[in-house]
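Novice: One structure, pasted below without further comment.
Nothing in this text is a laboratory measurement; each read-out follows from the coordinates by a stated rule. Computed from a prediction, not measured in an experiment: that's the story for all the values here. All Cβ positions, even for glycine, are placed from backbone atoms using ideal geometry, and neighbour counts span all protein chains on display.
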Amino acid sequence: MFTMKKPWPHSVPGFTRNVTGIVALLLVSRLLLHAQDTTTTNPALVSAYLAAQGNVNTIALGGTLQLTAYGTYSDGSVAALPDSEADPEIAWSTSDHAVARISLLGHVTALGTGTVNIGAMIGTITASPLTLTVKAASAPTAYAIPSNATSSGDLSGSSHWTWSHDSGTPGEAVGSSEYPVASPSLDKESREFYMSYSQEGGERFSLTFGQDTEATHFVYDTYVYVDDPAQLANLEMDVNQVMSDGETVIYAFQCSGYSGTWEFSTIENNSPHWHSSGLPCSPKKWAANAWHHVQIASHRSSTGVVTYDWVNLDGTYQDINNATGNGAIALNWAPGVLNLNFQLDGASESSGSVQIYADELTIYYW
């Protein structure tokens, strides 16, 4: 006969506690390892820049353009802002509200010709600014310059400018000119024309720019920036051409603060005389510290009779009617000489000064 041993107990209190503790530790360790495997750190925004749709940097007057801010992150990636990680909203800004405004969504509207810097802040990050140039819109077909026209190129940068007091004006004037001027400018290279004057004196700035006896059509094309329009009585813009017979044809046109109109000149009794075109213009009414686009078109006959065709100021084109007269006079200049004038007349009967800038001053002729 044998003795039955007691069966192994189902649980041993001390053993059970030890096993339970080990299992719990293993589970916690696995959870910690899993957390380390799945936790990622989002890259930080370190810089930003702006880009225009189509990567353009020029916009027509009255036109619109969409800008986008892009962020560069600490891991080297680049993405449009604000991104899916909810970066702060973009605070847009413009350096010149007269040239362009920008909406809360980065939509630019061109209000005036000139150069403007668009900026943006994303939280504490300042984006690299974007420089835009606003230019006048393309001319309507009736006022387009033909493709076969000769262009003088930008004459504001010529080193051959001269200037002197116009003895045909009352008072006195002393002028100076500087180039290049980075600001204000359309291309960081404008020309400054400066005049101090007394008793409505005027200063004539002149440049000989070419040779051509055969051309009969001319367009004087320039951008003008006036610091204080109240000081400017007249802004005169002329082209002079010597025909093959030695007669000099004067194509003279001005925005007159005296008549409040665009005026044209004819030669009568061997001297110039001004006439109102009936089209309104006064430099005193031009916006200060803003670029204005001016174009003046005229043509001549074989005998030097000049007809003034049309004028454009800041995209408003107007036909000039009944503006024809003799423009020829003997000045004993060499045949073929092409010359231009850019003249300032002071407005004050006592004294004052005029500071004007010209950019992209170009003469087209054919």
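Novice: Which of the listed residues, Asn117, Cys281, Gly304, is farthest toward the dipole's positive end in the chain, when Lys, Arg count +1 and Asp, Glu count -1 at the beta-carbon?
Specialist: Ranked along the dipole, the leading option is Asn117.
Novice: With charges set only on the Cβ (+1 for Lys and Arg, -1 for Asp and Glu), what does the dipole of the chain come to about its Cα centre, in debye to the nearest 20? Could the numbers behind the result be given before it?
Specialist: Details: 12 positive and 34 negative charges, 584 e Å.
For this selection, approximately 2800 debye.
Novice: Also, I was wondering about something else. Take the Cα of Leu331, step 7 Å along the line toward its Cβ, and report every residue of the range 255-274 whose backbone nitrogen sits under 19 Å from that point.
Specialist: 255, 263-274, by backbone N distance to the label point.
Novice: Moving on to the next point. Could you tell me the calculated FRET efficiency between Thr126 and Ala230, based on Cβ-Cβ distance and R0 = 30 angstrom, to the nearest 0.05? Write out the running numbers ahead of the final one.
Specialist: Working: r = 38 Å, r/R0 = 1.25.
My answer for the efficiency is 0.20.
Novice: With springs connecting C-alpha atoms under 10 Å apart, model the chain as a Gaussian network and identify which of Asp96, Asp227, Asp75 has the largest mean-square fluctuation.
Specialist: Top of the fluctuation ranking is Asp75.
Novice: Give the percent of DSSP beta bridges with both residues in the range 45-135 that are antiparallel, rounded to the nearest 5.
Specialist: If I count the DSSP bridges inside the range 45-135, around 90 percent turn out antiparallel.
Novice: By the scheme Lys and Arg +1, Asp and Glu -1, what is the net charge of all other residues having a beta-carbon under 12 Å from that of Asn57?
Specialist: Combined, the nearby Lys, Arg, Asp and Glu give 0.
Novice: Once you have the Cα-Cα distance between Ser103 and Ala60, take 0.36 nm times their residue separation minus that, and quote the gain in nm to one decimal.
Specialist: Working: separation 43, 0.36 × 43 = 15.48 nm, distance 1.76 nm.
Full-extension gain reported as 13.7 nm.
Novice: Also: Contour minus end-to-end for Gln318 and Gln211, with contour as 0.36 nm per residue of separation and end-to-end as the Cα-Cα distance?
Specialist: Between Gln318 and Gln211, full extension yields an extra 35.6 nm.
Novice: Obtain the nm distance between the two label points defined at Ala79 and Ala288 by a simple spin-label model: each point lies 7 Å from its Cα along the Cα-to-C-beta direction.
Specialist: 4.8
Novice: Ignoring everything except DSSP H segments at least 4 long, calculate the 222 nm mean residue ellipticity for the chain; use -39,500 (n - 2.57) per segment, divide by total residues, nearest 500.
Specialist: -2500 deg cm²/dmol
Novice: Sequence gap at least 6, Cα distance under 8 Å: using those rules, report the relative contact order of the range 213-311 to the nearest whole percent. Display every interim value, and only then the final one.
Specialist: Details: 202 pairs, mean separation 33.0, N = 99.
It comes to 33 percent, rounded to a whole number.
Novice: Let me ask something additional. Just give me a number: lysine pairs in the chain, eight or more positions apart or cross-chain, with C-alpha atoms less than 28 Å apart.
Specialist: 5
Novice: Please work out whether the range 327-366 counts as rounded, prolate or oblate from its C-alpha gyration tensor, where a ≥ b ≥ c are the square roots of the eigenvalues and a/c under 1.5 means rounded, while otherwise a/b larger than b/c means prolate and anything else oblate?
Specialist: oblate
Novice: Relative to the longest principal axis of the chain, what angle (0 to 90°, nearest 10) does the C-alpha long axis of helix 13-38 take?
Specialist: 10
Novice: By its C-alpha gyration tensor, with a ≥ b ≥ c as the square roots of the eigenvalues, how is the range 133-222 shaped: rounded for a/c under 1.5, else prolate for a/b larger than b/c, else oblate? Kindly include the intermediate steps, with their values, before the conclusion.
Specialist: Details: a/c = 1.99, a/b = 1.50, b/c = 1.33.
In terms of gyration-tensor shape, prolate.
Novice: For the range 141-365, rounded, prolate or oblate, judged on the Cα gyration tensor with a ≥ b ≥ c (square roots of eigenvalues), a/c < 1.5 rounded, else prolate if a/b > b/c?
Specialist: rounded
Novice: How high is the FRET efficiency from Ala142 to His275, r the C-beta distance, R0 35 Å, rounded to 0.05? Intermediate values should be presented prior to the final figure.
Specialist: Working: r = 24 Å, r/R0 = 0.68.
It comes out at approximately 0.90.
Novice: Separate question: Counting other Cβ atoms within 10 Å, keep those with at most 14, restrict to DSSP loop, and tell me which trypsin sites (Lys or Arg not before Pro) in the range 137-214 are left.
Specialist: Answer in residue order: Lys188.
Novice: Given a Förster distance of 30 Å, report the FRET efficiency between Tyr258 and Val305 from their Cβ-Cβ distance, rounded to the nearest 0.05. If you can, show how the numbers build up before the last one.
Specialist: Numbers: r = 26 Å, r/R0 = 0.86.
My answer for the efficiency is 0.70.
Novice: List the relative contact order of the chain as a percent without decimals, with contacts defined as Cα pairs under 8 Å and 6+ residues apart. All intermediate terms of the calculation are to be shown ahead of the outcome.
Specialist: Working: 899 pairs, mean separation 64.5, N = 366.
Contact order relative to length: 18 percent.
Novice: For Thr150 and Tyr179 in the same chain, what is the full-extension length gain: residue separation times 0.36 nm, less their Cα-Cα distance, in nm?
Specialist: Full-extension gain reported as 8.0 nm.
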